[in-house]
1. Of everything in segment 120-136, what is of a type outside the set (Phe, Trp, Tyr) and either in a loop (DSSP other than H, G, I, E, B) or touching a Lys or Arg at 6+ places or on another chain (Cβ under 9 Å) (or both)? Give them in sequence order.
2. Among the strands (runs of 3 or more DSSP E) lying completely within segment 231-305, list those that include at least 2 residues that are touching a Leu at 6+ places or on another chain (Cβ under 6 Å).
3. Go through (1) surrounded by fewer than 21 Cβ atoms within 10 Å (Cβ to Cβ); (2) assigned to a helix (DSSP H, G or I) and name the single condition residue 108 misses.
4. Consider only pairs whose beta carbons are under 6 Å apart and that are at least six residues apart or on different chains; among these, list those whose first residue lies in segment 13-36 and is part of a strand (DSSP E or B) and whose second residue is β-branched (Val, Ile, Thr) and modelled with pLDDT of 95 or more.
5. Anything in segment 137-163 that is of a type outside the set (D, E, K, R), assigned to a helix (DSSP H, G or I) and surrounded by fewer than 12 Cβ atoms within 10 Å (Cβ to Cβ)? List them, or say none.
6. Please go through segment 5-15 and pick out each residue that is within 21 Å of the chain's Cα centre (by Cα) and surrounded by 14 or more Cβ atoms within 10 Å (Cβ to Cβ).
7. Counting only residues that are part of a helix (DSSP H, G or I) and either out of contact with any helix residue (DSSP H, G or I) (no Cβ under 9 Å at 6 or more places or on another chain) or surrounded by 21 or more Cβ atoms within 10 Å (Cβ to Cβ) (or both), how many does segment 82-105 have?
8. Which of the residues belonging to segment 164-185 are of a type in the set (Ser, Thr, Tyr) and surrounded by fewer than 24 Cβ atoms within 10 Å (Cβ to Cβ)?
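The values are calculated or read from the model by the stated rules, or taken from the named source; none is laboratory data. Keep in mind it's a predicted model, so treat the numbers as computed, not measured. For neighbour counting, all protein chains shown are included, and Cβ atoms are generated from backbone atoms with ideal geometry for every residue, glycine included.
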Amino acid sequence: MIRLFRDVDGGPLCPDGSVVCIGAFDGLHRGHRALVCRAVERARALGLPAVALGFEPLPREFFAQGSPPPRLMPPRTKVEGLARLGVDVVGLLRFNRRFTAITAEEFVRRVLVGRLGAREVWVGPEFRFGHRRGGDLATLQREGAEHGFTAHEIEPVLVGGERVSSTRIRAALAAGDFEDAARLIGAPYAISGRVVRGRQLGRTLGFPTANLRFAGKTPALRGIYATWVHGVGDAPWPAVSSFGTRPTVDGIEPLLEAHLFDFDGDLYGRRICVEFVARLRDEEKYPDLPTLVAQMDRDAVMARRILQSTPSTQACA
(Lines give C-alpha, C1' and ligand atoms only; values in the text may rest on other atoms or scores of the structure.)
Protein backbone atom coordinates (compact mmCIF):
# COMPACT_ATOMS: atom_id res chain seq x y z
CA MET A 1 0.00 0.00 0.00
CA ILE A 2 1.33 3.44 -0.92
CA ARG A 3 2.28 5.82 1.88
CA LEU A 4 1.33 9.51 1.70
CA PHE A 5 2.81 12.39 3.69
CA ARG A 6 2.22 16.14 3.63
CA ASP A 7 4.65 17.75 6.10
CA VAL A 8 8.20 19.03 5.75
CA ASP A 9 9.06 18.11 9.32
CA GLY A 10 8.62 14.82 11.16
CA GLY A 11 10.37 11.57 11.75
CA PRO A 12 12.32 9.63 9.11
CA LEU A 13 10.02 7.93 6.60
CA CYS A 14 12.70 5.85 4.89
CA PRO A 15 15.27 4.97 7.56
CA ASP A 16 17.26 2.75 5.20
CA GLY A 17 17.29 5.34 2.42
CA SER A 18 15.25 6.01 -0.73
CA VAL A 19 15.33 7.07 -4.36
CA VAL A 20 13.43 10.34 -4.84
CA CYS A 21 11.99 12.04 -7.91
CA ILE A 22 10.61 15.57 -7.67
CA GLY A 23 8.00 17.27 -9.87
CA ALA A 24 4.52 18.70 -10.17
CA PHE A 25 3.16 15.51 -11.79
CA ASP A 26 -0.02 17.28 -12.95
CA GLY A 27 -1.46 15.02 -15.63
CA LEU A 28 1.23 12.35 -15.26
CA HIS A 29 2.22 12.88 -18.88
CA ARG A 30 4.99 11.09 -20.77
CA GLY A 31 7.69 13.32 -19.30
CA HIS A 32 6.47 12.69 -15.75
CA ARG A 33 6.25 8.96 -16.42
CA ALA A 34 9.80 8.86 -17.74
CA LEU A 35 11.02 10.57 -14.56
CA VAL A 36 9.01 8.37 -12.20
CA CYS A 37 9.90 5.15 -14.01
CA ARG A 38 13.59 6.01 -13.87
CA ALA A 39 13.36 6.56 -10.10
CA VAL A 40 11.37 3.34 -9.60
CA GLU A 41 13.89 1.40 -11.71
CA ARG A 42 16.79 2.72 -9.64
CA ALA A 43 14.94 2.08 -6.38
CA ARG A 44 14.31 -1.54 -7.32
CA ALA A 45 17.96 -1.99 -8.30
CA LEU A 46 19.09 -0.64 -4.92
CA GLY A 47 16.41 -2.40 -2.89
CA LEU A 48 15.02 0.92 -1.63
CA PRO A 49 11.58 2.56 -1.63
CA ALA A 50 10.76 4.88 -4.54
CA VAL A 51 9.47 8.31 -3.50
CA ALA A 52 7.60 10.83 -5.69
CA LEU A 53 7.81 14.28 -4.14
CA GLY A 54 5.40 17.03 -5.18
CA PHE A 55 3.43 19.94 -3.76
CA GLU A 56 -0.22 20.69 -3.00
CA PRO A 57 -1.42 23.16 -4.00
CA LEU A 58 0.88 23.44 -6.98
CA PRO A 59 3.23 26.44 -6.67
CA ARG A 60 1.61 28.16 -9.68
CA GLU A 61 -1.78 27.79 -7.98
CA PHE A 62 -0.50 29.31 -4.75
CA PHE A 63 0.99 32.34 -6.48
CA ALA A 64 -2.10 32.93 -8.63
CA GLN A 65 -4.86 32.41 -6.09
CA GLY A 66 -7.14 34.99 -7.70
CA SER A 67 -7.18 33.13 -11.02
CA PRO A 68 -5.52 29.74 -10.55
CA PRO A 69 -4.34 27.96 -13.69
CA PRO A 70 -6.29 24.89 -14.81
CA ARG A 71 -5.41 21.53 -13.33
CA LEU A 72 -5.27 18.34 -15.36
CA MET A 73 -6.10 16.02 -12.46
CA PRO A 74 -7.18 16.24 -8.81
CA PRO A 75 -4.70 15.22 -6.09
CA ARG A 76 -6.22 11.81 -5.38
CA THR A 77 -6.01 10.77 -9.03
CA LYS A 78 -2.37 11.85 -9.08
CA VAL A 79 -1.57 9.67 -6.06
CA GLU A 80 -3.38 6.70 -7.60
CA GLY A 81 -1.48 7.15 -10.86
CA LEU A 82 1.87 7.31 -9.08
CA ALA A 83 1.02 4.12 -7.20
CA ARG A 84 0.30 2.33 -10.49
CA LEU A 85 3.74 3.39 -11.74
CA GLY A 86 5.34 1.61 -8.78
CA VAL A 87 5.95 4.48 -6.34
CA ASP A 88 6.03 3.41 -2.69
CA VAL A 89 5.84 6.81 -0.96
CA VAL A 90 4.20 10.03 -2.19
CA GLY A 91 4.87 13.43 -0.67
CA LEU A 92 2.38 16.20 -1.42
CA LEU A 93 4.04 18.91 0.65
CA ARG A 94 1.79 21.73 1.85
CA PHE A 95 2.78 24.69 -0.32
CA ASN A 96 1.97 27.76 1.77
CA ARG A 97 3.54 31.07 2.76
CA ARG A 98 5.82 29.41 5.30
CA PHE A 99 7.00 26.89 2.73
CA THR A 100 7.98 29.61 0.25
CA ALA A 101 10.57 30.92 2.75
CA ILE A 102 12.49 27.62 2.84
CA THR A 103 15.81 27.89 1.02
CA ALA A 104 16.99 25.21 -1.36
CA GLU A 105 19.66 24.09 1.11
CA GLU A 106 17.13 23.90 3.96
CA PHE A 107 14.75 21.88 1.77
CA VAL A 108 17.52 19.38 1.09
CA ARG A 109 18.40 19.08 4.76
CA ARG A 110 14.87 18.84 6.17
CA VAL A 111 13.06 16.84 3.48
CA LEU A 112 15.48 14.95 1.24
CA VAL A 113 17.92 14.04 4.03
CA GLY A 114 15.89 14.28 7.26
CA ARG A 115 12.63 12.72 6.16
CA LEU A 116 13.58 10.58 3.16
CA GLY A 117 17.23 9.60 3.63
CA ALA A 118 17.73 10.13 -0.10
CA ARG A 119 20.43 8.08 -1.80
CA GLU A 120 19.56 9.29 -5.29
CA VAL A 121 17.47 12.27 -6.44
CA TRP A 122 16.04 12.51 -9.97
CA VAL A 123 14.56 15.65 -11.55
CA GLY A 124 13.35 16.81 -14.94
CA PRO A 125 14.97 19.36 -17.25
CA GLU A 126 15.23 22.96 -15.98
CA PHE A 127 14.19 21.94 -12.46
CA ARG A 128 14.21 24.76 -9.89
CA PHE A 129 13.29 24.71 -6.19
CA GLY A 130 13.53 26.57 -2.91
CA HIS A 131 13.03 30.23 -1.94
CA ARG A 132 12.74 32.39 -5.07
CA ARG A 133 13.55 29.26 -7.11
CA GLY A 134 17.14 29.58 -5.99
CA GLY A 135 18.04 25.89 -6.27
CA ASP A 136 18.73 23.78 -9.35
CA LEU A 137 20.43 20.54 -10.34
CA ALA A 138 23.86 21.97 -9.48
CA THR A 139 22.55 22.83 -6.01
CA LEU A 140 21.32 19.28 -5.53
CA GLN A 141 24.64 17.85 -6.67
CA ARG A 142 26.60 20.14 -4.37
CA GLU A 143 24.38 19.36 -1.39
CA GLY A 144 24.40 15.69 -2.28
CA ALA A 145 28.17 15.55 -2.08
CA GLU A 146 27.88 16.82 1.49
CA HIS A 147 24.91 14.71 2.61
CA GLY A 148 25.62 11.44 0.82
CA PHE A 149 23.32 11.32 -2.20
CA THR A 150 23.68 11.77 -5.95
CA ALA A 151 21.46 13.96 -8.13
CA HIS A 152 20.55 13.36 -11.78
CA GLU A 153 18.48 14.92 -14.55
CA ILE A 154 16.59 12.86 -17.13
CA GLU A 155 16.65 13.73 -20.80
CA PRO A 156 13.66 15.77 -22.01
CA VAL A 157 10.83 13.75 -23.59
CA LEU A 158 9.98 15.23 -26.98
CA VAL A 159 6.79 14.93 -29.05
CA GLY A 160 6.69 16.75 -32.37
CA GLY A 161 10.15 18.13 -31.70
CA GLU A 162 9.08 19.95 -28.53
CA ARG A 163 9.32 19.00 -24.87
CA VAL A 164 6.21 17.43 -23.38
CA SER A 165 4.66 19.68 -20.73
CA SER A 166 1.42 20.18 -18.83
CA THR A 167 1.14 23.58 -20.54
CA ARG A 168 1.04 21.93 -23.97
CA ILE A 169 -1.62 19.49 -22.76
CA ARG A 170 -3.79 22.28 -21.38
CA ALA A 171 -3.57 24.08 -24.71
CA ALA A 172 -4.56 20.93 -26.60
CA LEU A 173 -7.55 20.33 -24.31
CA ALA A 174 -8.67 23.95 -24.60
CA ALA A 175 -8.62 23.55 -28.39
CA GLY A 176 -10.56 20.28 -28.20
CA ASP A 177 -7.62 18.40 -29.70
CA PHE A 178 -7.85 15.17 -27.72
CA GLU A 179 -5.61 13.30 -30.15
CA ASP A 180 -2.73 15.69 -29.48
CA ALA A 181 -3.42 15.57 -25.73
CA ALA A 182 -3.29 11.75 -25.84
CA ARG A 183 0.05 11.84 -27.67
CA LEU A 184 1.50 14.07 -24.96
CA ILE A 185 0.02 12.15 -22.03
CA GLY A 186 0.64 8.69 -23.47
CA ALA A 187 -3.03 7.80 -22.97
CA PRO A 188 -6.42 9.40 -23.64
CA TYR A 189 -7.29 12.26 -21.30
CA ALA A 190 -9.61 11.02 -18.55
CA ILE A 191 -10.91 12.09 -15.15
CA SER A 192 -11.76 9.63 -12.41
CA GLY A 193 -13.55 10.01 -9.11
CA ARG A 194 -16.36 8.83 -6.89
CA VAL A 195 -19.93 9.55 -8.00
CA VAL A 196 -21.59 12.12 -5.73
CA ARG A 197 -25.19 13.23 -5.34
CA GLY A 198 -26.13 16.39 -7.18
CA ARG A 199 -29.39 18.32 -7.33
CA GLN A 200 -30.89 15.46 -9.40
CA LEU A 201 -32.26 18.00 -11.86
CA GLY A 202 -31.02 15.94 -14.80
CA ARG A 203 -33.20 13.03 -13.73
CA THR A 204 -36.32 15.20 -13.83
CA LEU A 205 -35.34 16.39 -17.32
CA GLY A 206 -34.88 12.86 -18.66
CA PHE A 207 -31.07 13.05 -18.49
CA PRO A 208 -29.89 11.42 -15.23
CA THR A 209 -26.18 11.95 -14.69
CA ALA A 210 -23.28 10.49 -12.73
CA ASN A 211 -21.58 13.48 -11.11
CA LEU A 212 -17.89 13.91 -10.24
CA ARG A 213 -16.41 16.82 -8.33
CA PHE A 214 -12.94 18.13 -9.20
CA ALA A 215 -11.61 18.57 -5.64
CA GLY A 216 -12.18 22.33 -5.68
CA LYS A 217 -9.60 22.79 -8.46
CA THR A 218 -9.99 24.71 -11.72
CA PRO A 219 -10.46 22.12 -14.49
CA ALA A 220 -8.71 22.30 -17.86
CA LEU A 221 -11.98 21.56 -19.68
CA ARG A 222 -15.30 23.34 -19.94
CA GLY A 223 -18.08 22.38 -22.32
CA ILE A 224 -20.03 19.40 -23.63
CA TYR A 225 -18.22 16.21 -24.71
CA ALA A 226 -18.65 12.75 -26.17
CA THR A 227 -17.18 10.37 -23.60
CA TRP A 228 -16.66 6.77 -22.58
CA VAL A 229 -17.34 5.91 -18.93
CA HIS A 230 -15.30 3.13 -17.32
CA GLY A 231 -16.13 1.28 -14.11
CA VAL A 232 -19.84 0.75 -14.81
CA GLY A 233 -19.88 -2.57 -16.65
CA ASP A 234 -17.53 -5.04 -18.28
CA ALA A 235 -16.98 -2.65 -21.19
CA PRO A 236 -16.74 1.16 -21.49
CA TRP A 237 -20.17 2.79 -21.52
CA PRO A 238 -21.02 5.50 -24.09
CA ALA A 239 -22.07 8.84 -22.63
CA VAL A 240 -22.45 12.54 -23.25
CA SER A 241 -20.84 14.65 -20.53
CA SER A 242 -20.99 18.24 -19.39
CA PHE A 243 -18.11 19.84 -17.52
CA GLY A 244 -18.83 23.28 -16.12
CA THR A 245 -20.92 25.32 -13.72
CA ARG A 246 -24.38 24.74 -15.29
CA PRO A 247 -25.21 28.43 -15.97
CA THR A 248 -28.84 27.76 -16.96
CA VAL A 249 -29.58 26.59 -13.40
CA ASP A 250 -27.19 29.05 -11.70
CA GLY A 251 -24.53 26.53 -10.73
CA ILE A 252 -21.28 27.66 -9.09
CA GLU A 253 -18.93 24.73 -8.50
CA PRO A 254 -17.41 23.05 -11.59
CA LEU A 255 -18.99 19.62 -11.91
CA LEU A 256 -18.47 16.78 -14.37
CA GLU A 257 -21.87 15.29 -15.25
CA ALA A 258 -21.95 12.14 -17.38
CA HIS A 259 -25.24 10.95 -18.90
CA LEU A 260 -24.81 7.26 -19.70
CA PHE A 261 -26.90 6.20 -22.68
CA ASP A 262 -29.56 3.56 -21.97
CA PHE A 263 -28.27 2.96 -18.45
CA ASP A 264 -30.56 2.13 -15.54
CA GLY A 265 -28.84 1.73 -12.19
CA ASP A 266 -27.51 3.41 -9.06
CA LEU A 267 -23.92 4.65 -9.30
CA TYR A 268 -23.74 6.75 -6.13
CA GLY A 269 -20.48 6.07 -4.33
CA ARG A 270 -19.01 4.12 -7.27
CA ARG A 271 -15.58 5.12 -8.58
CA ILE A 272 -15.76 5.71 -12.31
CA CYS A 273 -13.45 7.12 -14.96
CA VAL A 274 -14.62 9.42 -17.77
CA GLU A 275 -12.55 9.22 -20.96
CA PHE A 276 -12.92 12.27 -23.23
CA VAL A 277 -13.28 11.62 -26.96
CA ALA A 278 -14.55 14.77 -28.69
CA ARG A 279 -15.70 18.28 -27.83
CA LEU A 280 -19.23 19.05 -28.98
CA ARG A 281 -19.73 22.68 -27.97
CA ASP A 282 -19.26 25.38 -25.35
CA GLU A 283 -21.29 25.49 -22.18
CA GLU A 284 -24.13 27.98 -22.66
CA LYS A 285 -26.91 29.62 -20.66
CA TYR A 286 -30.39 29.00 -22.06
CA PRO A 287 -33.53 31.08 -21.43
CA ASP A 288 -35.51 28.15 -19.99
CA LEU A 289 -35.35 24.44 -19.26
CA PRO A 290 -37.25 23.27 -22.38
CA THR A 291 -34.67 25.00 -24.58
CA LEU A 292 -31.90 23.36 -22.56
CA VAL A 293 -33.49 19.89 -22.92
CA ALA A 294 -33.86 20.34 -26.68
CA GLN A 295 -30.13 21.12 -26.92
CA MET A 296 -29.29 18.16 -24.68
CA ASP A 297 -31.22 15.91 -27.08
CA ARG A 298 -29.11 17.21 -29.98
CA ASP A 299 -25.93 16.73 -27.96
CA ALA A 300 -26.87 13.13 -27.22
CA VAL A 301 -27.50 12.35 -30.89
CA MET A 302 -24.14 13.83 -31.88
CA ALA A 303 -22.26 12.03 -29.11
CA ARG A 304 -23.79 8.67 -30.02
CA ARG A 305 -22.76 9.17 -33.65
CA ILE A 306 -19.17 10.04 -32.72
CA LEU A 307 -18.77 7.17 -30.27
CA GLN A 308 -20.08 4.62 -32.79
CA SER A 309 -17.01 5.32 -34.92
CA THR A 310 -14.54 6.01 -32.06
CA PRO A 311 -13.93 3.02 -29.79
CA SER A 312 -12.43 3.46 -26.37
CA THR A 313 -8.65 3.06 -26.28
CA GLN A 314 -8.09 3.12 -22.52
CA ALA A 315 -8.91 0.96 -19.53
CA CYS A 316 -9.27 3.49 -16.73
CA ALA A 317 -8.46 2.52 -13.16
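1. Within segment 120-136, the first condition is being of a type outside the set (Phe, Trp, Tyr), and the residues that meet it are 120-121, 123-126, 128, 130-136.
If the condition is that a residue be of a type outside the set (Phe, Trp, Tyr) and either in a loop (DSSP other than H, G, I, E, B) or touching a Lys or Arg at 6+ places or on another chain (Cβ under 9 Å) (or both), then 120, 124, 125, 126, 128, 130, 134, 135, 136 are the ones that fit.
2. The strands (runs of 3 or more DSSP E) meeting that bar are 237-244.
3. (1)
4. 18/51; 20/51; 20/121; 21/36; 22/123
5. Once the filter is applied, which keeps residues that are of a type outside the set (D, E, K, R), assigned to a helix (DSSP H, G or I) and surrounded by fewer than 12 Cβ atoms within 10 Å (Cβ to Cβ), segment 137-163 yields 138, 145.
6. Passing the criteria: only 5.
7. Residues that pass the stated criteria total 4.
8. 165, 167
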